[in-house]
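**Q** Before we start, here is the structure in question, set down as structure tokens.
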Amino acid sequence: MTEHDDVIDNTINFDDGRNQRLREAARVVEALLFASSEPLHQQDLAKHLDDKIAVMDVLEMVRRDYAARGVMLEQKGAFFAFRTAPDLGFLLRREKEVVRKFSKAALETLAIIAYHQPVTRTEIEEVRGVAMSRGTLDVLLEAGFVKSGRRRDTPGRPLTYVTTTSFLDHFGLERISDLPGVKELKEAGLLDSLLDGPEAQSELALSQKDTE
């Protein structure tokens, strides 16, 4: 996902001539989203629609239809999913905090992948200045924050790593370009605290939401 991902245009005016065709397409999109346990990419949704119908127009119609309901259409980059309306979430979820211990190396690796993706293992080691154990990446892969990307078209065809939609969801980001820059981190005092922090393990609290 990049800063060039399409964003729903909430200024669209649906005229009567297009309304019926869009309404039928919206029913298809609704069915696909409800049947999927994972967010769906806009291109995957478009494959099920007439070529003359713009998938983003259909998604905007669905978004408007559900704006005042108990569920809403949520966009994360180019991915879409139905989610419980924020003001009703407390009725359906119980939260328990699961503390997952990430080593300093894992946190540094996650930051490097987030800001430099797609990035290879060797490139991560070059940025950190030290060799990385396989377990460091395994922890991030298991947590669902990173995944394997495409192989580089270079000798050895090394595998690259990128962040996932779960990473965006957990940190409240719509797209990866929403990550704060160095200036913002310094102004918030976060960069200094990271540099001056303990060398021992850091803890990252992950909220695991279970739907009853």
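The values are calculated or read from the model by the stated rules, or taken from the named source; none is laboratory data. Since the structure is predicted, the reported quantities are computational estimates derived from the model, not experimental observations. With ideal geometry, Cβ positions are generated from the backbone for all residues, glycine too; neighbour counts draw on all protein chains shown.
**Q** Among the listed residues Leu159, Leu168, which satisfies the condition of being over 17 Å from Thr122 (Cα atoms) and surrounded by 12 or more Cβ atoms within 10 Å (Cβ to Cβ)?
**A** The conditions single out Leu168.
**Q** If you don't mind, another one. Take the residues in region 125-136 that are touching a helix residue (DSSP H, G or I) at 6+ places or on another chain (Cβ under 7 Å) and not in a loop (DSSP other than H, G, I, E, B); name whichever of them is surrounded by the most Cβ atoms within 10 Å (Cβ to Cβ).
**A** Ranking the qualifying residues of region 125-136, first place goes to Thr136.
**Q** Related question: Sort out for me the strands (runs of 3 or more DSSP E) sitting completely within region 27-124 that have 1 or more residues that are modelled with pLDDT of 90 or more and surrounded by 15 or more Cβ atoms within 10 Å (Cβ to Cβ).
**A** Those strands (runs of 3 or more DSSP E) span 71-76, 79-84.
**Q** Quick check, is Ala78 in contact with a helix residue (DSSP H, G or I) (Cβ under 9 Å, 6 or more places away or on another chain), of a type in the set (A, V, I, L, M, F, W, C) and outside the structural domain of Arg23 (by TED's automatic domain parsing)?
**A** Values: in contact with a helix residue (DSSP H, G or I) (Cβ under 9 Å, 6 or more places away or on another chain): yes; of a type in the set (A, V, I, L, M, F, W, C): yes; outside the structural domain of Arg23 (by TED's automatic domain parsing): no.
The answer is no for Ala78.
**Q** Residues to consider are Ala35, Ala78, Ala105; find the one that is aliphatic (A, V, I, L, M), under 24 Å from Phe167 (Cβ atoms) and under 20 Å from the mean Cα position of the chain (by Cα).
**A** Among Ala35, Ala78, Ala105, only Ala78 is aliphatic (A, V, I, L, M), under 24 Å from Phe167 (Cβ atoms) and under 20 Å from the mean Cα position of the chain (by Cα).
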